[in-house]
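Notes to accompany the following structure.
The values are calculated or read from the model by the stated rules, or taken from the named source; none is laboratory data. Here the structure is a predicted model, which means the values were calculated and not measured. Counting neighbours? That spans all protein chains shown, and the Cβs are built from the backbone with ideal geometry, glycine included.
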Amino acid sequence: MDQLRDESLDLLVDLARPTSHDAVLDYATGAGMAGFTVAPDVATVEAVDEQPDLLEEGERLATELGLVNVAFALVDLYALPYKDGAFSLIVCHDALHLLPEPVAALVEMQRVLSAGGRIVILDAVVDEVTDRAFNEVARLREPAHRRHLRADELEAVVARAGLAVRRRGALRRTVDLDYWLQAAAVPPAKAELIRGRFKALPVDVQAGMDVAFADRLVSFSYDVVGLRLERA
C-alpha cells in the first residue's frame, strides 16, 4: 500500500492516535485511503461516500489489500444511517473542500461521535496570495471542487459546528502536476489547459505555490492542515 500513500496520511495517524478499540468512520472516503491507513490498528472502519463508483474502487482495493475490517456504504453525508455516538474516531481526509455545506457535515459527524471521541480532518489550505489561483485550477481539475479555505477560515468552520481544536498539524506537500492531473482522471485537452494556466500564473502566485518548470515537467506545492477535534 505504500505506493498509494501520501505524507498527509502520516499526519492523520499522528493526530488520530488510533487504537484497537476504535470504531472508525471514514467520512467522504473517496477510494478509502484514510480508512485503509488506520484499519490495521482499529477494530472496524465504516467508509462512506455519496459516489458509488469511488466506493466500488474502494471495495476492490480493500479486497486486494486483505483489509477484512473495512466496510463501504453509500450514504447521504448529511443524514448518516448510524445512531448517535456510534463511532469513537472519525476521519475526513482531503474531502472538506468538496462539500457544499462543511459546517453541516461537521455537525453530522459530531452527532455520530461517541463521548470522548475525536474527529480528525485534513485538507489543503490557501493564503491570500494563492487563494483565487489555486482554487481556479483545482476546480478545473475536479468540477466537484468547492473551495480550499484559508487556515483561519477552516478553524472558523470548526467553531461554527460546535467543535474545539485540541491538536494541530501541518505540512507542505510538493506534487508533480502530471501526477496530480492523472489522479483525478483529467482528460488530455483539459490537462493542457491547466498546464497553460500554471505557466500564466502571476509571479507572486508562482512563488507562493513553489511552481517549478523543467522541460514539460511542472511541480508545485501547497499547505495541508490537520486538526484533531473534540466537542467544545
**Asked** Residues in segment 37-44: is at least one at pLDDT 95 or above, in contact with a Gly (Cβ under 8 Å, 6 or more places away or on another chain), hydrophobic (A, V, I, L, M, F, W, C) and not in a loop (DSSP other than H, G, I, E, B)?
**Response** no
**Fill in**
Residues of segment 44-55 being free of Cβ contacts under 8 Å to residues at least 40 places away in the same chain and within 22 Å of residue 108 (Cβ to Cβ), in sequence order, are 44, 45, 47, 48, 49, 50, 51, 52, 54, 55
**Message:** Looking only at segment 23-59, filter to residues that are touching a strand residue (DSSP E or B) at 6+ places or on another chain (Cβ under 7 Å), among the β-branched types (Val, Ile, Thr) and farther than 19 Å from residue 97 by Cα; which one of those is surrounded by the most Cβ atoms within 10 Å (Cβ to Cβ)?
**Reply:** 45
**Message:** If residue 148 satisfies all but one of (1) in contact with a Lys or Arg (Cβ under 8 Å, 6 or more places away or on another chain); (2) crowded, with 18+ Cβ neighbours inside 10 Å, what's the number of the condition it fails?
**Reply:** (1)
**Prompt:** Can you name the residue in segment 77-135 that is β-branched (Val, Ile, Thr) and surrounded by fewer than 17 Cβ atoms within 10 Å (Cβ to Cβ) and, of all such residues, is farthest from residue 164 (Cα to Cα)?
**Reply:** 129
